[in-house]
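Novice: Here's a structure for you.
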Amino acid sequence: MGIFNMIINGQPVKAESTFDVINPATGEPFAQVQAGNATHVDAAVAAARAAFPAWSGLPEAERKRLLHAIGAAIEANMAELMELVTKESGKPLGGLNGIGSGMEVGGAIAWTHATADLELPVEVIQDNDDARVEVHRKPLGVVASITPWNWPLMIAIWHVIPALRAGNTVVVKPASSTPTATIRLVELANTILPPGVLNIVTGESGVGSAIAKHRGIDKIVFTGSTPTGRSIMQNAAANLKRLTLELGGNDAGIVLPDVDPKAVAPKLFGVGFHNNGQTCACLKRLYVHDSIYDDVVAELARIAGETVVDDGLAEGTQLGPVQNKAQLNFVRELVEDAKEHGARIVAGGRVKAGAGFFFEPTVIAEAKDGMRVVDEEQFGPVLPVIRYTDVDDAIRRANDNENGLGGSIWSNDRARAAELARRLECGTAWVNEHGALQPDAPFGGVKQSGLGVEFGRYGLEEYTSIQTLKIMKR
Ligand code: NAP
């Protein structure tokens, strides 16, 4: 079994004990990781702080060059990273519609290069006979990244690379159930970066809150659940840390009556079920017009029944296991609750017998607002389908949720769909698509789905503070 160390100040660091990382496809441990604590957080923050003056003082071109080298190192180690991602997260190597660990590592490479090339230009607000006023972007200092278990490597890249690009130094804390690919990433990056610029601390309990409270950290970028986001915000208040919070979602999609059920169903299934629905911006509530409701439901059920669910390392697997047992039990509980309240399970609905944490892809017909599976973020291979007759009412119901991450409208009339999409209360609205992200377009949640955005210029600016410089000319 592989043993993974923390990396602090460029050196491998062991703790007094280790904890197991479970492969959700087998339910068995496949790696051991150091059980770090608040003392290790102190050491990592001290290393990052010591490295900050030299790193932030490097010429922009040199920081870009080093980040591109990290992109190349990820690419050179792609097969190993894919296997780690699959073993720890359950995600297939290939996956439904090509969404698996190959895409996760490929996306990490693409995001690294695209983010390395972003610019932070000086803005000139005024330049006349009186004065010149410039707006400069400066790095914040030490950034801490806290990541979840669903896209462990990709999300670590989303946090770390813009933080470094802007001139900050970083301490990463991965989710305890999926730390191995991120540790390997930090090891690889430390063969390229000066010591202390990028550190990683692992630990099952207390490490996250020690980070949130730490006065030597200037910003936290967190992706995870809304309750943990609230706790981080409270603890971060001690020294007014800057925050980017990418939190839970319960994204609605609305299908208008003008679409062909057979053509739209595979697309809807893909955006609802890839990675077993364990993606923040997966389609999680589907509103379908009454006139095509039965046909769309029948197609979704057919596709669910044909989907290959197996160990993610096996060739041809489309969906792997749910990432952990607690999540599996939660998904089962929501499906049982829907059944008890009159919904019809038209595909799946059961835990698969045998080892691992497998749940059948599940389509729920006659789902209603007010059922837990509709109102709560289920984060599993389950799609509740809700009937509507009036599109204004569907929009109202889609918006009647505390989350506001993404939403979508599906129609052949793109202009009308775009108008309706603008009425959705969410950070990103799609037409005839859902959950597709790109490194140059901002992504973030409104309402309880978060604070701030990631990606592109807008995302990069979140790792900086503004300094206004006024030069008098008289
Ligand atoms: P989680 O339970 O909130 O955990 C996320 C991270 O926070 C883990 O590293 C966890 O460490 C750490 N943590 C736990 N308690 C903490 C505390 N009190 N202070 C600081 N850190 C703490 O979330 P998850 O279950 O891993 O991820 C699923 C959630 O993430 C879903 O709600 C999903 O929608 C959301 N998500 C959102 C986005 C987005 O972009 N909006 C993207 C992906 C996922 P341990 O693992 O050691 O407990």
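Novice: Just checking, which of Gly94, Gly106, Gly71 is open to solvent by 20 Å² or more (accessible area, probe 1.4 Å) and more than 18 Å from Asp310 (Cα to Cα)?
Specialist: Answer to the check: Gly106.
Novice: Hey, Gly206 hits all of (1) in contact with a Lys or Arg (Cβ under 9 Å, 6 or more places away or on another chain); (2) at positive phi; (3) near the ligand (Cβ under 10 Å from one of its atoms) but one; which does it fall short on?
Specialist: (1)
Novice: Hey, another quick one. When segment 304-333 is examined, which residues are found to be touching a Pro at 6+ places or on another chain (Cβ under 6 Å) and either assigned to a helix (DSSP H, G or I) or not assigned by TED's automatic domain parsing to the domain that holds Met371 (or both)?
Specialist: Across segment 304-333, the qualifying residue is only Ala304.
Novice: Let me ask something else. Quick check on Glu80: is it surrounded by fewer than 16 Cβ atoms within 10 Å (Cβ to Cβ), among the charged types (D, E, K, R) and without any contact (Cβ under 8 Å) to a residue 40 or more places away in the chain?
Specialist: No; evaluated as a whole, the condition is false for this residue.
Novice: Among the numbered conditions (1) under 26 Å from Lys241 (Cβ atoms); (2) in a loop (DSSP other than H, G, I, E, B); (3) more than 14 Å from the ligand (Cβ to nearest atom), tell me where Ser465 comes up short.
Specialist: Going through the list (1) under 26 Å from Lys241 (Cβ atoms); (2) in a loop (DSSP other than H, G, I, E, B); (3) more than 14 Å from the ligand (Cβ to nearest atom), Ser465 breaks only (2).
Novice: Being closer than 22 Å to Ala265 by Cα and either hydroxyl-bearing (Ser, Thr, Tyr) or out of contact with any Lys or Arg (no Cβ under 6 Å at 6 or more places or on another chain) (or both) narrows it down to one residue among Ile386, Ile395; which is it?
Specialist: Result: Ile386 is the single residue among Ile386, Ile395 that is closer than 22 Å to Ala265 by Cα and either hydroxyl-bearing (Ser, Thr, Tyr) or out of contact with any Lys or Arg (no Cβ under 6 Å at 6 or more places or on another chain) (or both).
Novice: Okay, next question. Considering only residues of segment 303-324 that are of a type in the set (D, E, K, R) and surrounded by 15 or more Cβ atoms within 10 Å (Cβ to Cβ), which is nearest to the ligand (Cβ to nearest atom)?
Specialist: Asp311
Novice: I'd like the full set of residues that are in contact with a Gly (Cβ under 6 Å, 6 or more places away or on another chain), open to solvent by 40 Å² or more (accessible area, probe 1.4 Å), under 25 Å from Thr226 (Cβ atoms) and not β-branched (Val, Ile, Thr), limited to segment 428-471.
Specialist: Once the filter is applied, which keeps residues that are in contact with a Gly (Cβ under 6 Å, 6 or more places away or on another chain), open to solvent by 40 Å² or more (accessible area, probe 1.4 Å), under 25 Å from Thr226 (Cβ atoms) and not β-branched (Val, Ile, Thr), segment 428-471 yields Ala429, Pro442, Lys447, Glu462.
Novice: Check segment 364-382 and report whether any residue there is at positive phi, assigned by TED's automatic domain parsing to the domain that holds Glu340 and part of a strand (DSSP E or B).
Specialist: Yes, segment 364-382 contains a residue that is at positive phi, assigned by TED's automatic domain parsing to the domain that holds Glu340 and part of a strand (DSSP E or B).
Novice: A further question on this structure: So, restricting to strands (runs of 3 or more DSSP E) that lie completely within segment 124-202, which ones have at least 1 residues that are closer than 26 Å to Gln278 by Cα and within 10 Å of the ligand (Cβ to nearest atom)?
Specialist: Where strands (runs of 3 or more DSSP E) fall fully within segment 124-202 and carry at least 1 residues being closer than 26 Å to Gln278 by Cα and within 10 Å of the ligand (Cβ to nearest atom), they are 142-146, 169-173.
Novice: Further, regarding this structure: If you scan segment 341-363, which residues turn out to be assigned to a loop (DSSP other than H, G, I, E, B), free of Cβ contacts under 8 Å to residues at least 24 places away in the same chain and in contact with a Leu (Cβ under 8 Å, 6 or more places away or on another chain)?
Specialist: none
Novice: Which residue pairs have Cβ atoms under 9 Å apart, sit 6 or more places apart or on different chains, and have a first residue in segment 169-197 that is over 24 Å from Lys138 (Cα atoms) and a second that is among the hydroxyl-bearing types (Ser, Thr, Tyr) and open to solvent by 30 Å² or more (accessible area, probe 1.4 Å)?
Specialist: So the pair list comes out as Ser176/Ser205.
Novice: Here is a further query. Please specify each residue of segment 382-438 satisfying the condition of being over 29 Å from Phe358 (Cβ atoms) and of a type in the set (Gly, Ala, Ser).
Specialist: Ala394, Ala398, Gly404, Gly407, Ser411, Ala415, Ala417, Ala418, Ala421, Gly427, Ala429
Novice: Could you check segment 341-359 and list, in sequence order, the residues that are within 20 Å of Lys87 (Cα to Cα) and open to solvent by less than 40 Å² (accessible area, probe 1.4 Å)?
Specialist: Gly356, Phe357, Phe358, Phe359
Novice: Determine whether Glu376 is charged (D, E, K, R) and touching a residue at least 60 places away in the same chain (Cβ under 8 Å).
Specialist: yes
Novice: Here's another thing I want to ask about it. May I ask you to list the residues in segment 1-48 that are closer than 27 Å to Val351 by Cβ, under 25 Å from the mean Cα position of the chain (by Cα) and part of a loop (DSSP other than H, G, I, E, B)?
Specialist: Pro24, Ala25, Thr26, Gly27
So that you can scan it fast, the table gives a plain yes or no per residue for (1) assigned to a helix (DSSP H, G or I); (2) within 23 Å of the chain's Cα centre (by Cα); (3) near the ligand (Cβ under 9 Å from one of its atoms); (4) farther than 19 Å from Glu454 by Cβ:
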position: Pro227; (1), (2), (3), (4): yes, yes, yes, yes
position: Ile232; (1), (2), (3), (4): yes, yes, yes, no
position: Ala236; (1), (2), (3), (4): yes, yes, no, no
position: Asp258; (1), (2), (3), (4): no, no, no, yes
position: Gly272; (1), (2), (3), (4): yes, yes, no, yes
position: Ala281; (1), (2), (3), (4): no, yes, yes, no
position: Ala298; (1), (2), (3), (4): yes, no, no, yes
position: Ala301; (1), (2), (3), (4): yes, no, no, yes
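Rundown of residues vs (1) among the acidic types (Asp, Glu); (2) closer than 22 Å to Phe357 by Cβ, yes/no style:
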residue	(1), (2)
Ala25	no, yes
Ala48	no, no
Ala61	no, no
Gly71	no, no
Asn77	no, no
Leu84	no, yes
Glu88	yes, yes
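Novice: Select, from Ile211, Ile217, the only residue that is in a loop (DSSP other than H, G, I, E, B), more than 20 Å from Pro442 (Cα to Cα), open to solvent by less than 10 Å² (accessible area, probe 1.4 Å) and in contact (Cβ under 8 Å) with a residue 40 or more places away in the chain.
Specialist: Exactly one of Ile211, Ile217 is in a loop (DSSP other than H, G, I, E, B), more than 20 Å from Pro442 (Cα to Cα), open to solvent by less than 10 Å² (accessible area, probe 1.4 Å) and in contact (Cβ under 8 Å) with a residue 40 or more places away in the chain, namely Ile217.
The values are calculated or read from the model by the stated rules, or taken from the named source; none is laboratory data. Remember, it's a predicted structure, so these values are computed and weren't measured experimentally. All Cβ positions, even for glycine, are placed from backbone atoms using ideal geometry, and neighbour counts span all protein chains on display. The accessibility values were calculated without ligands, DNA or RNA, using every heavy atom of the protein model including side chains. Shrake-Rupley method; radii C 1.70, N 1.55, O 1.52, S 1.80 Å.
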